[in-house]
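Beneath this line is the structure, given in structure tokens, with notes to follow.
The values are calculated or read from the model by the stated rules, or taken from the named source; none is laboratory data. A quick note: this is a predicted structure, and the numbers were derived from the prediction, not measured. Note: ideal-geometry Cβ built from the backbone for every residue, glycine included; neighbour counts use all protein chains shown.
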Amino acid sequence: MGDMSWLSHLVTTGAKEELTDFLKDKGFRKPKFAAEQFLKAQEEIERDGMKKKEKELNDGEPTTADEHNNKWLKENK
């Protein structure tokens with residue numbers, strides 16, 4: 001697996017220790033800090049994506065469990 005793919009995998013899975021080790025091996029001066037920043041950015045990306053999805057579905061209103069389940073069932077038919 002390429003370095004960028006592995007970096008992406010570590011960040012998206014939240015593997016902080018492995019990410020820190022990977023960044024240390026790549027020559028980062030402060031690998032622990034860099035790992036924290038990568039993970040923080042991933043959290044923001046996920047949070048923004050969820051907000052965008054909610055906005056698209058309900059014009060800003062949170063989705064109820066029933067609405068979510070009904071939509072999921074329709075998509076998987």
Could you check the range 27-55 and list, in sequence order, the residues that are basic (Lys, Arg) and either touching a Pro at 6+ places or on another chain (Cβ under 8 Å) or surrounded by 12 or more Cβ atoms within 10 Å (Cβ to Cβ) (or both)? LYS30, LYS32
Of the residues LYS77, LYS71, which single one is of a type outside the set (A, V, I, L, M), over 12 Å from the mean Cα position of the chain (by Cα) and at pLDDT below 75? LYS77
Which residue is nearest to LYS40 (Cα to Cα), if the candidates are limited to the range 1-26 and must be surrounded by 11 or more Cβ atoms within 10 Å (Cβ to Cβ) and of a type in the set (A, V, I, L, M, F, W, C)? VAL11
Only residues in the range 38-61 that are more than 12 Å from GLY14 (Cβ to Cβ) and assigned to a helix (DSSP H, G or I) count as the first member; pair them with residues that are modelled with pLDDT under 90 and of a type outside the set (A, V, I, L, M), Cβ under 8 angstrom, at least 6 apart or cross-chain, and list the lot. GLU54/GLY60; GLU54/GLU61; GLU54/PRO62; GLU54/THR63; LEU57/THR63; LEU57/GLU67; LEU57/LYS71; ASN58/GLU67
